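The values are calculated or read from the model by the stated rules, or taken from the named source; none is laboratory data. Here the structure is a predicted model, which means the values were calculated and not measured. When we count neighbours, we look across all protein chains shown, and the Cβ atoms used for this are built from the backbone with ideal geometry, even at glycine.
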Amino acid sequence: MIPSPYPKSTRWLVIAPTLFLLVFLAVPTAVIVQRGTSVDAFADIIANDGFRKVAWFTLWQTTLSTVLTVACALPVTFILARFSFIGKRLLLALITAPFLLPTVVVGSALFALLPDRMHYTAFAIIAAHIFFNMAVVVRLVMPRWSQVDPELIHAAHTLGASTVRTFRTITFPLIRPALGFASTAVALFCFTSFGAVRILGGPAYSTLETEIYVRSVQLGDLNGAVAIGIIQAIFLIGMLYALTKFGRHHTSPLTVNIQTPKPTGSTQKIAVASIAVTTGFFALLPLIAVAWKSTSGWSQVLSNDTMNSLAVSARFAITASIIATTLGTMIALAIAYTSTSSRFLETITSLPLMISAVTVGLGILITFDQSPFEFRSTWWITPVAHSLIAIPLVIRTVLPVAQAIPQDLRDAAATLGSGEKDQWMRIDLPLLRRCLATACALSAAVSLGEFGATSFLTRQTYETLPVSIARLLSRPGDTQHAKAFALSTLFFVFSIGAVYLAETVRATRTKTD
């Protein structure tokens, strides 16, 4: 084992995260398992025709949503990876923005776009999943595709291979690991989709995720909800295993610094323009529909209840980002500095990936519902749930940077007489500062958009913006819907602007480097 660079301090890093995760994650998970391991509860669920229909719908809509998402994303992924053209950053922002939005906002966008007869249909749910998850395929496959050496393609064409055969024999084998990784990730998101299904599916179409909510909150069947949560977790573990398997291979570079040329020739220009315009139009269409139907709702956006929801969302986001960034960074540093407890921490922090946000919320709800630990009515329990969901993202953001810090720098500082504290403040912290800011922003974004766990834990006085949008859409009347659409429009504009700004900054830095 590589010796720890900070042996005196590393052992203290694990104490606070371990206590936090044990109390708010491990114990609620154990409670869920204990409540759901009743033979009668499992027998009742499995024998229930309604559950079997929900499980079957969850499986086939996940499969179809994944296939259609990949099929729709591949053409635009190709032009973004292989060509440079006007509006490329804007197109990438339009595709990426929906993934950064709360799922309830995506649901409201499709609710505004689709005609009334398509509301509460499987088509609406699948369309929302395609709209939401295209960014996953583009972002994961595009870097790999852009590193495929163009000379290989040219050589194949020179030898007489057709475009289809070249793709099948050269391009596809090279991008297949990334494509498999992206497809598994999309399936995971479709399988655990909650906000979009709850808004667009209605009572006729329910997934395992929404069924947990309905049984626990609306029907009061906690044992049945817990049993479904365990069954769902088994499926998620299988998906995460596949995700990990693909993830081991999809990131290795093929080549470096391949410049993307502008399209040449009329055929190439027409193809690139057609794909870009068509994709951009369909990506922008839900925003146009939401903005169009929000015209009469802007006068109410500054109402007291909306401003209260905005203040609550901001307070939750700040609190969750502080908790998640602090504890996630401590875990990442403990792993990077080879703490003896790092393997345990890695295992326990993977739990939020194996169980859905809805199950996390349900576990906290039933665990902290009795004195002396009756926390469900406190304001801070919701940002605690948000931070549990965000901590794995923080770890995966900070850990690679922490592991990449050269030990030579610390050795040189020690030679000059610097102690552990001085070394960390002068070497590690400056190198970690940028990824810490990114982790903090990611945690805040998770909190702002989280809807599954929040649906269980929120109270009327602590209603977040996504919950407020869902409540407004569930009420009859165009006025309530217009207000929800106005709030969704704000989310859309902010998200697109943030992604476009980030892409512009990244492009500027790349040119400078």
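Structural remarks
- Boolean, Asp116 is closer than 30 Å to Trp292 by Cβ and either charged (D, E, K, R) or more than 21 Å from the chain's Cα centre (by Cα) (or both): yes
- Among the candidates Leu200, Leu188, Leu113, residue that is in the same structural domain as Thr279 (by TED's automatic domain parsing) and either buried (at least 23 other Cβ atoms within 10 Å of the Cβ) or at pLDDT 90 or above (or both): Leu200
- Inter-residue pairs, beta-carbon under 8 Å, first modelled with pLDDT under 80 and in segment 472-486, second not in a helix (DSSP H, G or I), 6+ apart: Asp478/Ser296
Residue-wise test of (1) part of a helix (DSSP H, G or I); (2) closer than 17 Å to Ala357 by Cα; (3) within 22 Å of the chain's Cα centre (by Cα).
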residue: Ser455; (1), (2), (3): yes, yes, yes
residue: Val467; (1), (2), (3): yes, yes, yes
residue: Arg471; (1), (2), (3): yes, no, no
residue: Pro476; (1), (2), (3): no, no, no
residue: Gln480; (1), (2), (3): yes, no, no
residue: Lys483; (1), (2), (3): yes, no, no
residue: Ala486; (1), (2), (3): yes, no, no
residue: Phe491; (1), (2), (3): yes, no, yes
residue: Phe494; (1), (2), (3): yes, no, yes
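- Scope segment 469-491; condition more than 15 Å from Ser313 (Cβ to Cβ) and surrounded by fewer than 23 Cβ atoms within 10 Å (Cβ to Cβ); matching residues: Leu473, Ser474, Arg475, Pro476, Gly477, Asp478, Thr479, Gln480, His481, Ala482
- Consider segment 1-14 and keep the residues that are more than 28 Å from the chain's Cα centre (by Cα) and surrounded by 12 or more Cβ atoms within 10 Å (Cβ to Cβ). The one that is modelled with the highest pLDDT is Trp12.
- Scanning segment 80-98 for residues that are outside any loop (DSSP other than H, G, I, E, B) and over 14 Å from Val141 (Cβ atoms) returns Lys88, Arg89, Leu90, Leu91, Ala93, Leu94, Ala97, Pro98.
- Only one of Ile323, Ile348 that is at negative phi, modelled with pLDDT under 85 and under 23 Å from the mean Cα position of the chain (by Cα): Ile348
- The listed residues are Val106, Val136, and the only one of them that is more than 17 Å from Ala71 (Cα to Cα) and among the β-branched types (Val, Ile, Thr) turns out to be Val106.
- Annotation note: of Val164, Val104, Val138, Val186, the sole residue that is free of Cβ contacts under 8 Å to residues at least 24 places away in the same chain, hydrophobic (A, V, I, L, M, F, W, C) and assigned to a helix (DSSP H, G or I) is Val164.
- Some residue of segment 46-68 being of a type in the set (A, V, I, L, M, F, W, C) and closer than 30 Å to Ile270 by Cβ: yes
- Screening segment 388-420 for residues that are surrounded by fewer than 19 Cβ atoms within 10 Å (Cβ to Cβ) and either of a type in the set (Val, Ile, Thr) or not assigned by TED's automatic domain parsing to the domain that holds Val358 (or both) and picking the one that is nearest to Pro430 (Cα to Cα) gives Ile405.
- Of all the listed residues (Ala289, Ala283, Ala357, Ala311), the sole one being within 30 Å of Ala93 (Cα to Cα), at pLDDT 85 or above and crowded, with 21+ Cβ neighbours inside 10 Å is Ala283.
- Residue check, Ala161 over 28 Å from the mean Cα position of the chain (by Cα), assigned by TED's automatic domain parsing to the domain that holds Ile234 and over 13 Å from Ala81 (Cβ atoms): yes
- Candidates Val54, Val148 - the one that is more than 23 Å from the chain's Cα centre (by Cα), assigned to a loop (DSSP other than H, G, I, E, B) and buried (at least 17 other Cβ atoms within 10 Å of the Cβ): Val148
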